[in-house]
Structure formats: C-alpha cells, structure tokens
Amino acid sequence: MIEINPSILSSDFSDLRGELAKIATADMAHIDVMDNHFVPNLTFGPPVVERIRAISPIPLDAHLMIADADRNAPVYAEIGCASVTFHAEAAAAPVRLARELRRLGARASLALKPATPIEPYIDLLGEFDQILIMTVEPGFGGQKFLDVCLPKIARTRQAISAANLEIRLQVDGGVSADTVGRVVDAGADVLVAGSAVYGAEDAATAIAQLRTLAAD
Ligand code: DX5
Ligand code: ZN
C-alpha cells in the first residue's frame, strides 16, 4: 500500500485546523520542522507540533531538519508523532537514536540529503522502519524534483528487498502528478507532496489523483 503524506509546509499557517481538515483522506500529515541552522529556514518546534497533533485528523509524520538530532529528536516521539524522521547528516549516533525512537513508540526514520549516499547505511537498514530519500535540497517547498536522486531510490529499494526487510521508503521533494510515476517505479512507497496538494484547487482531489497515479 502506497502512503500519501501531504506536507503542511505549503499550507496556510494562519489556519492550521482548516488546512489539516483538508487532508483527512491522506495517510499522515508531513510536518517539516526546520531550525534555521541545519537548513536556512525556520518553521516551528515541539509546542506547536504538539498542538497540531491534538487537532490533526490523521497521524503525524515529523520530518526533522534540525541540528543535533540525537538530543532534539526524541521529544517528537514523546509528544505523539507516529513517525519521526531525523537526518543522517545531523546525527552522531543514528543507531542509538533509532532505538530510542522505537522505544518511545514511533516509526524510526532516517533521511538522506541529495548528496548523502545510502551505502554507509546498508548494513544498518534493520535498525530503521523507514528511509527518506530527499529529492530536493531540504529547506523549502515548491522546488524542482531532482532526477539525479532516482538511482539512489532504486538502490535503496534493492537493498531493502535483498535483506528481506519491511522498511518504508519515503520520497520528499518535488513529488507531483508529473514525477510520481518515476518515484514509484524506482521503489518508493511513501510519497510526500506539499505544493502539489496545497497548491491544487482541491486538496482531496489532488491526494486521490496522486493515489491513482501511484497505483498505475
Ligand atoms: C522540503 C520539505 C518538503 C517540502 C516538500 O525541505 O522537506 O517536505 O514541503 O514540498 P514540495 O512537495 O512542494 O516539494
Ligand atoms: Zn519534508
């Protein structure tokens, strides 16, 4: 089953309740946490995410684009995010952190920026419930999909299959009706879409369209 997780980064932050209601037919709400340090943009932190969790009709998929993940990520599991993604580039001890997130009941997920290879993590895959391959440089919505990342998605899927693991493979950045086919063909099964959902006339229709295209 392919998951569609709209990113609220492209939503109207002055009406989060209304914007979350629009994506009730999606699988999870993708919550981009940025600290103006790991990425050159700033969104929100635990107090706001905790309120979002309380009013969201669907579980939260937190994507932490923040420095010092070892210290800063566990709180997002504690406040009830169903999935917590931290960046490989921001974690000193990714295995220890993944185990901590699992212990706290979250899906433990490892993200890789476009220039970060999957190869150093191949033997560690079993420590994670999900791998997130970024297909734009993290920091902003509405950027162009980077086709150069497609081989990494395919290599990651092959490694997951070869190890006989059940790990979700999430792709984030520039996913739209135009690119979803290539992303799914490469092996992704969790699709994040920000501008393609919130920039559409009707979010529910855009979600349904992505589901249909992903299943083709
Ligand atoms: C980018 C964020 C993405 C972003 C995707 O740093 O991690 O989740 O919202 O936006 P689109 O789908 O517009 O590329
Ligand atoms: Zn994201």
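Taken together, the values in this text are just the output of simple stated rules run on the coordinates, not laboratory data. Because the structure is a prediction, the values reported are computed rather than measured. Cβ sites come from the backbone with ideal geometry, for glycine too, and all protein chains shown count toward neighbours.
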Conditions (1) more than 14 Å from ligand 1 (Cβ to nearest atom); (2) surrounded by 17 or more Cβ atoms within 10 Å (Cβ to Cβ); (3) hydrophobic (A, V, I, L, M, F, W, C); (4) in a loop (DSSP other than H, G, I, E, B): number failed by VAL136: (1)
For ALA29: the one exception among (1) free of Cβ contacts under 8 Å to residues at least 12 places away in the same chain; (2) touching a Leu at 6+ places or on another chain (Cβ under 8 Å): (1)
Index of the failed condition, PHE145 passing every other in (1) surrounded by 20 or more Cβ atoms within 10 Å (Cβ to Cβ); (2) within 16 Å of ligand 1 (Cβ to nearest atom); (3) not in a strand (DSSP E or B): (1)
Residue match in the range 188-195 (condition: away from ligand 1 (no atom under 12 Å from the Cβ) and more than 15 Å from ASP61 (Cβ to Cβ)): no
Selected residue [in a helix (DSSP H, G or I) and either within 21 Å of GLU137 (Cα to Cα) or in contact (Cβ under 8 Å) with a residue 40 or more places away in the chain (or both)] from GLU50, GLU100, GLU89: GLU89
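In the range 179-216, which residue that is in a strand (DSSP E or B) and under 18 Å from GLN143 (Cα atoms) is farthest from the chain's Cα centre (by Cα)? Steps first, answer last, please.
As a first pass, look at the range 179-216 and keep what is in a strand (DSSP E or B): 190-193.
Those still in the list that are under 18 Å from GLN143 (Cα atoms) too: 191-193.
Numbers: LEU191: 8, VAL192: 6, ALA193: 9 Å.
Residue satisfying both the conditions and the ranking: ALA193.
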